[in-house]
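Shown next, in structure tokens, is the structure this report addresses.
The values are calculated or read from the model by the stated rules, or taken from the named source; none is laboratory data. Every value quoted in this text rests on a predicted model; they were computed, and no experiment measured them. Don't worry about glycine lacking a Cβ; one is built from the backbone with ideal geometry, like all the others, and counts go over all protein chains shown. We work out accessible area using only protein heavy atoms, side chains counted, and drop any ligands, DNA or RNA first. Shrake-Rupley method; radii C 1.70, N 1.55, O 1.52, S 1.80 Å.
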Amino acid sequence: MVHWRQSLLIFSALILSGGQLIAASTKEQRAYAVAVADFQNEMWSPAETNFIQFLQKFPKSTNAPAAVLLLAQAEFKQGKLSEAIALLQTRKAGAGHLADQYVYWIGEAQFQRVDLAAAGETFLGLARDFPQSPLRLRAVVEAAAAWAELGRWPEVSALLQETNGVFQRAAQSEPANELVARGRLLLAQAALAQDDFDGAAATLASVDPQALEPELGWQLAYLLYQVKLATGDTNAALAATTNLLQIARQENEESLRGESVALHADLLEQIGSNAEAQIAYQENLTNAPVERQRQAVLKIAALAAAQGQFATAEDSLRDFVARFPDSPAADIALLSLGELLLTNYVTSGPAGAATNQLQLAAAAFDQLLGTYTNSPLAGKAYLGRGWCEWLRYLDSGAAASTTNCLADFEAAAQKPLSPEDLAVARFKIGDALFAQNRFAEALENYRSVIDDFTSYPSVMQSLGDLALCQSLRACMAMTNTAGAEDTMARILKLYPTSQETGNNLLLMGEYLVDLNQPTNALALFRRFEAFAPSSPLRPQVELAIAYAREQAQDWAAAIKQYETWLTDFPTNGLRPQAEYALAQANYQAGNETNAFLRFTNFVAQYPTNDLTPLAQWWVAGHFFNAGDYPKAEKNYKFIFQNFAANDLAYPAQMMAGRAAAARQDYPGAINYFSKLEVDTNCPMALRVEAAFAHGNALMQMDSTDTNNPLANFQQAIPVFSQICQLYPTNEPGARAWIKIGDCDLQLTNYDAATNAYAQVLDSNVQANVSLRSQAQIGIGIVLGKKAALAAGDDQKALLQLALDNYLEVFDTWTGKNLRDGETADPFWVKEAGQQALPLIETLGAANPDKFIDQMEQLLPQLKDSLEKTRAALPPKN
């Protein structure tokens, strides 16, 4: 029920540092690094294999103790607990400075294996035998947790209360430490188990609830509840259960929430608040563990029966239909049951028991329509079942529900109904069609409500303005501006004082803003001001006026409008939107200094607002564009660290990496990029972009291996290769092949480079002309490098092949070598020409003068330099 421990996966700084690797052989270093990389990437099985092989090959390595420890942890993560224990016990003598961690992980594995007595002794041994270990406090708390699991409460108390013991010293010196909080909770639990309620209360009072994570906060509240209940203070106990509920909802953990609800409801029942208990149990009817749901169903039924609530009426109606199915009143009973359940659902909302009642209501209407096919109540039953499907659609968004409710509302409209019910059926047909984006048909049904029921005041009073409102929305959805304007005129004429009229004026104005008709929108907003100067919608209208000013790109007027708005509505809930929009307007107006101040103030004033990530993004971009990369990185980090669920979180992490790369902190940049690459929640396009950035950073950074200055290019190739595997025939793969070719070129792996570039030219690969040109120029460069290593005819042949590749790219400007719809890329045409010109001269393959003429025609901006090249040509014979 309550969990008191939290395992720790130790990544020792010493274990993973490069300090020990420097002295090791290159082969040893690589073997260890490969194993560590697998471990860091949580690839437990490969890590296990690689560490075993490392230890077999290099048993005397200085990295051997660390390898043993990491191997044991890899086995632990795979559930190989006995193997991990045996390994650590066997190799403990050679653990050196890691001995305390060996012991710790033996205890962890024993605990996980539910060998609690042994785990407790192991943890106590760590605390006793390693007086300088930073794991001593954790070991003592873990030992206490093991005794607690075994119910050895006196030992828990003795261990944690020892005056000069590890825990008490930590409690005095580090009262805010999470392990101290966990220990105190264990100590309070031990006191409770031994009926020492005062001791438990005193211990709990020493824990600061504000400093706890939600899980520990729940445990604290739970123990406080137990203490208060045990001492008969039911009011305090009830307050504790309320706190439990709040924490559990915040944590959004199903079992905690279910248990909190049950504790709260049970205590309400104990003090005689049966109505409140019944309501409390309803939360456990959905999204709770099965046993809690069953308990809630039984409790709600029992409490309702005890109070004689309307559920009794539901049971009576069901019982009547079951006992007298042939009664003439059976269909009335079923209709009444369905409507009763439906009404209660609408009243209580789509939560708790209401969800079940919606299903029961539909079942009652189904039974009426299936059993009593000739009932005069069929129309109302279809209408009721249609409402059930409509409400199900509103709750779930299921498209099938719109189809079902449309069929039911249409069937209802074909049956005998009162005018009021028929108007409702027509209106809901319109809503169902609207939900299916069938706006023209929806508009017909809304207009039928307005035009066909004018002689029924009750219909006009209840549905007239709503039908016009929906008509307006249907017209706008079809971009039928004339129809929308006509409908707006009817609204103003027929319902000038309706609450919906102000909403419609605002909606129509915003629609015109979206259509880029700011002048018309402003006229409509001014009409609203005259129509309802004291409307509660006035702040929204004034804000919409500013948006219209923006649409007209009248930034000065927009800024003035926002500033006036902020003065006129200082406490309005829309203030954050106005503050943000004012900052954006200043930026658009060219007032970047003002924009910067307003965005930074916005972040400080509204740290949790939905717009705060956008404001922080602007600030980060401001620093990035200014070349202040450390501040840019800091601001991008703020976004993904504080708004992890926001759409900007992953892009911000990407930009933080780019900022780190821009300031040449390539390891830091790679850290950002690598995390994005392995995060399966990150959009694939961004993961690929991160992989490219990762590879580029490796290519740009200096190698840490002084004996291999090109080592980073070797490391970059696998990064780019992963992209090729993901997109073997698509553009990202083509780009990655080019990068691989560039790396192999640097590594003088000329054949591999040629092969990589050639992949881009494959007809099955969707590479655009720019990528193909780049790859072909790369092939030419490689061939030139190979030619420099050859002589005679071999050299000439290679140079000719290089020239052929350059000329194929150069000729794209004439339309050659292009695919349908493509145009040449001027940059690569220029590059190809510049690469080809010296080869034309060297090989005598063509007239250099004429080629220069072609280049000047295509690239007039190079004429001066090309003329110098022409002048340097040898004279013609």
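General remarks:
- Inter-residue pairs, beta-carbon under 6 Å, first under 13 Å from Gly430 (Cβ atoms) and in segment 385-413, second in a helix (DSSP H, G or I) and open to solvent by 20 Å² or more (accessible area, probe 1.4 Å), 6+ apart: Thr402/Tyr393; Thr402/Ala435; Cys405/Glu389; Cys405/Trp390
- When every residue of segment 454-469 is checked against the conditions, at least one turns out to be small (Gly, Ala, Ser), over 20 Å from Lys380 (Cβ atoms), assigned to a helix (DSSP H, G or I) and touching a Phe, Trp or Tyr at 6+ places or on another chain (Cβ under 6 Å).
- Residue check for Leu124: out of contact with any Pro (no Cβ under 7 Å at 6 or more places or on another chain), surrounded by 19 or more Cβ atoms within 10 Å (Cβ to Cβ) and closer than 25 Å to Glu48 by Cα: no
- Test: residue in segment 70-93 that is surrounded by 21 or more Cβ atoms within 10 Å (Cβ to Cβ), touching a Gly at 6+ places or on another chain (Cβ under 9 Å), of a type in the set (Gly, Ala, Ser) and in a helix (DSSP H, G or I): no
- Positions within segment 246-261 being surrounded by fewer than 22 Cβ atoms within 10 Å (Cβ to Cβ), of a type outside the set (D, E, K, R) and in a helix (DSSP H, G or I), in sequence order: Gln246, Gln250, Ser255
- Of the criteria (1) part of a helix (DSSP H, G or I); (2) over 27 Å from Ile740 (Cβ atoms); (3) open to solvent by 30 Å² or more (accessible area, probe 1.4 Å), which one Phe827 fails: (2)
- Helices (runs of 4 or more DSSP H) fully within segment 549-658 that include at least 2 residues being free of Cβ contacts under 8 Å to residues at least 40 places away in the same chain, closer than 30 Å to Arg538 by Cα and open to solvent by 20 Å² or more (accessible area, probe 1.4 Å): 555-568, 575-588, 592-605, 612-625.
- Residue satisfying all of: in segment 266-279; modelled with pLDDT of 80 or more and closer than 24 Å to Asn252 by Cβ; most open to solvent (accessible area, probe 1.4 Å) among these: Glu276
- So Gly509, is it assigned to a helix (DSSP H, G or I), at pLDDT below 75 and open to solvent by less than 80 Å² (accessible area, probe 1.4 Å): no
- Given (1) part of a loop (DSSP other than H, G, I, E, B); (2) closer than 26 Å to Lys637 by Cα; (3) within 29 Å of the chain's Cα centre (by Cα), index of the condition Asp702 fails: (3)
- Within segment 206-229, being under 17 Å from Ser157 (Cβ atoms) and in a helix (DSSP H, G or I) holds for Leu223, Gln226, Val227.
- Enumeration of residues in segment 746-769 that are of a type outside the set (Val, Ile, Thr) and either open to solvent by less than 30 Å² (accessible area, probe 1.4 Å) or touching a strand residue (DSSP E or B) at 6+ places or on another chain (Cβ under 9 Å) (or both): Leu747, Ala753, Ala756, Tyr757, Ala767
- Unmet criterion (only one of (1) of a type outside the set (Lys, Arg); (2) more than 18 Å from Ala127 (Cβ to Cβ); (3) open to solvent by 60 Å² or more (accessible area, probe 1.4 Å)) for His97: (2)
- Residue list for segment 179-205, filter: exposed (fewer than 15 other Cβ atoms within 10 Å of the Cβ) and either part of a helix (DSSP H, G or I) or of a type in the set (Asp, Glu) (or both): Asp195, Asp198, Ala202, Ala205
- Qualifying residue in segment 470-480 (condition: touching a Phe, Trp or Tyr at 6+ places or on another chain (Cβ under 6 Å), assigned to a loop (DSSP other than H, G, I, E, B), surrounded by fewer than 19 Cβ atoms within 10 Å (Cβ to Cβ) and aliphatic (A, V, I, L, M)): yes
- Among residues that are within 24 Å of Lys428 (Cα to Cα) and either of a type in the set (A, V, I, L, M) or touching a strand residue (DSSP E or B) at 6+ places or on another chain (Cβ under 9 Å) (or both), Leu543 is not included.
- Candidates in segment 314-329 are the residues that are assigned to a helix (DSSP H, G or I) and either modelled with pLDDT of 75 or more or charged (D, E, K, R) (or both); of these, the one that is nearest to the chain's Cα centre (by Cα) is Glu314.
- Under the condition of being among the hydroxyl-bearing types (Ser, Thr, Tyr) and either more than 20 Å from Cys743 (Cα to Cα) or crowded, with 18+ Cβ neighbours inside 10 Å (or both), the residues counted in segment 675-712 number 1.
- Pairs, first without any contact (Cβ under 8 Å) to a residue 60 or more places away in the chain in segment 802-818, second open to solvent by less than 60 Å² (accessible area, probe 1.4 Å) and of a type in the set (Ser, Thr, Tyr), C-beta under 6 Å, six or more apart: Val809/Ser773; Leu818/Thr812
- Test: residue in segment 225-236 that is open to solvent by 30 Å² or more (accessible area, probe 1.4 Å), among the β-branched types (Val, Ile, Thr) and over 22 Å from Pro175 (Cα atoms): yes
- Only one of the listed residues (Val207, Val141) is farther than 30 Å from His97 by Cβ and within 40 Å of the chain's Cα centre (by Cα). That residue is Val207.
- If you check Ala477, Ala482 for being touching a residue at least 40 places away in the same chain (Cβ under 8 Å), among the hydrophobic types (A, V, I, L, M, F, W, C) and under 19 Å from Gln517 (Cα atoms), only one passes: Ala477.
- Boolean, Lys863 is open to solvent by 50 Å² or more (accessible area, probe 1.4 Å), without any contact (Cβ under 8 Å) to a residue 60 or more places away in the chain, under 25 Å from Ile779 (Cβ atoms) and not in a loop (DSSP other than H, G, I, E, B): no
- Residue list for segment 664-674, restricted to those being surrounded by fewer than 16 Cβ atoms within 10 Å (Cβ to Cβ) and in contact with a helix residue (DSSP H, G or I) (Cβ under 7 Å, 6 or more places away or on another chain): none
- Evaluation of Gly483 against the conditions (1) open to solvent by less than 30 Å² (accessible area, probe 1.4 Å); (2) under 35 Å from the mean Cα position of the chain (by Cα) shows that the sole unmet condition is (2).
- Index of the failed condition, Asp793 passing every other in (1) under 22 Å from Ile852 (Cβ atoms); (2) in a helix (DSSP H, G or I): (1)
- Of Ala788, Ala846, all but one fail to be farther than 26 Å from Ala734 by Cβ and either touching a strand residue (DSSP E or B) at 6+ places or on another chain (Cβ under 8 Å) or at pLDDT 90 or above (or both); the exception is Ala788.
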